[in-house]
Amino acid sequence: MNEGFHFLDIIFFAMIAAFLVLRLRSVLGRRDNNQPRPRDERIKREQDAETDGNVIDITDRTTRVDQNDQVPDEDRSDDPLAAGLAEIQMADNSFDPKDFTGGARSAFEMIVSAFAIGDIGTLKTMLSDDVLENFESALQQRLEAQETLETTVIGIKSADIIEAGMQNKMAVITLKFVSEQVNVTRDTEGHVVDGDPNQVTDVTDIWTFARSAKSRNPNWKLIETRSPN
């Protein structure tokens with residue numbers, strides 16, 4: 001009798017266990033051979049991200065050099081002027097042709113005006129020793145002749161770089177200036193001995209400036225003046 005009772009208990013508990021197994025499978029679900037595992041799902045998500053247009057590929061994060069920041073290679077140019085400017089830029093990465101030309105225009109007006117009034121102090125800061133000596137010689141001749149020079153720069157029509165390059169450690173640039181000027185030379189009594197105070201004349205000058213590419217001093221000096229051929 002007791003053995004039969006125990007047998008019924010076993011059947012009853014087995015039915016309960018089977019019921020619980022079915023409930024768990026309905027809640028947790030079943031994984032067949034085609035269902036991806038958690039690790040497989042993560043790999044798939046990463047692969048999908050690589051093909052997503054909104055995700056930047058790691059190869060795109062490398063630093064790119066802007067072509068505008070590159071110094072021109074003189075070997076790539078058949079233009080001697082472009083090659084010379086590139087040579088200066090390689091020696092001095094702060095050099096900019098546009099900035100230089102703007103400064104040269106201002107220097108031109110200052111030097112012309114200083115020469116007209118005999119301002120040696122200003123000329124000393126802007127001229128090389130050789131050019132200063134020539135200017136002083138011209139000023140001395142004017143003084144001995146008891147003449148005065150009146151120069152008015154109406155405007156600079158053009159200031160073009162025509163030569164450039166490095167000479168040892170010196171950056172050397174030559175410009176062609178075309179300016180509108182009124183030049184009048186007077187004697188001690190104020191009479192005009194040369195020029196016309198009412199006439200504006202186009203004057204062409206070719207000036208060469210230089211500075212050490214390694215110098216902390218940004219100022220260029222006039223090292224040569226000449227007239228066009």
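Through the Karplus equation 6.51 cos²θ - 1.76 cosθ + 1.60, θ set to phi - 60°, convert the phi angles of the stretch 81-97 into ³J(HN,Hα) values in whole Hz; use x for Gly and Pro.
Calculated HN-Hα couplings, in order: 5, 4, 5, x, 5, 5, 5, 5, 5, 5, 7, 9, 6, 8, 6, 9, x Hz.
What are the ³J(HN,Hα) values, in whole Hz, obtained from phi via the Karplus relation 6.51 cos²θ - 1.76 cosθ + 1.60 with θ = phi - 60°, for each residue of the stretch 192-205 in sequence order, with x given for Gly and Pro?
Using θ = phi - 60°, the values come out as 6, 10, 7, x, 9, x, 9, 10, 9, 10, 7, 10, 10, 10 Hz.
For the stretch 118-131, what does the Karplus curve 6.51 cos²θ - 1.76 cosθ + 1.60, with θ = phi - 60°, yield as ³J(HN,Hα) per residue in whole Hz, taken in order and with x for Gly and Pro?
x, 7, 5, x, 5, 4, 4, 7, 10, 10, 6, 4, 5, 5
Please list the three semi-axes, largest first and in whole Å, of the ellipsoid equivalent to the stretch 79-226, using sqrt of 5 times the eigenvalues of its alpha carbon gyration tensor.
Numbers: eigenvalues 203, 58, 24 Å².
In descending order, the three semi-axes are 32, 17, 11 Å.
How long are the semi-axes of the ellipsoid equivalent to the stretch 90-142, from square roots of 5 times the Cα gyration tensor eigenvalues, in whole Å, largest first? Please report the intermediate quantities before stating the final value.
Numbers: eigenvalues 144, 32, 11 Å².
So the three semi-axes of the stretch 90-142 are 27, 13, 7 Å.
Kindly rank 177-188, 159-170 from highest to lowest mean number of other beta carbons found within 10 Å of each residue.
Numbers: 177-188: 16.4, 159-170: 14.0.
Ranking, from highest mean packing down: 177-188, 159-170.
For 173, 117, what's the fewest-to-most ordering of other Cβ within 10 Å of each Cβ?
Details: 173 24, 117 12.
Ranking 173, 117 by Cβ neighbours within 10 Å, fewest first, gives 117, 173.
In nm, to one decimal, how far is the modelled label at residue 147 from the one at residue 101, with both set 7 Å along Cα→Cβ?
3.5 nm
Explain nothing, just the number: dipole magnitude of the stretch 79-226 about its Cα centre with +1 on each Lys and Arg Cβ and -1 on each Asp and Glu Cβ, in debye rounded to the nearest 20.
Details: 13 positive and 24 negative charges, 144 e Å.
Taking the Cα centre of the stretch 79-226 as origin, the dipole is about 680 debye.
With each label point set 7 Å from Cα along the Cα-Cβ vector, what nm distance links residue 136 and residue 78?
Output for this residue pair reads 4.8 nm.
Values quoted throughout were computed directly from the atomic coordinates according to the rules given, and no laboratory measurement underlies them. Bear in mind that the values here come from a model prediction, so they are computed numbers and not experimental data. So basically every Cβ, Gly included, is an ideal-geometry build from the backbone, and we count neighbours across all protein chains shown.
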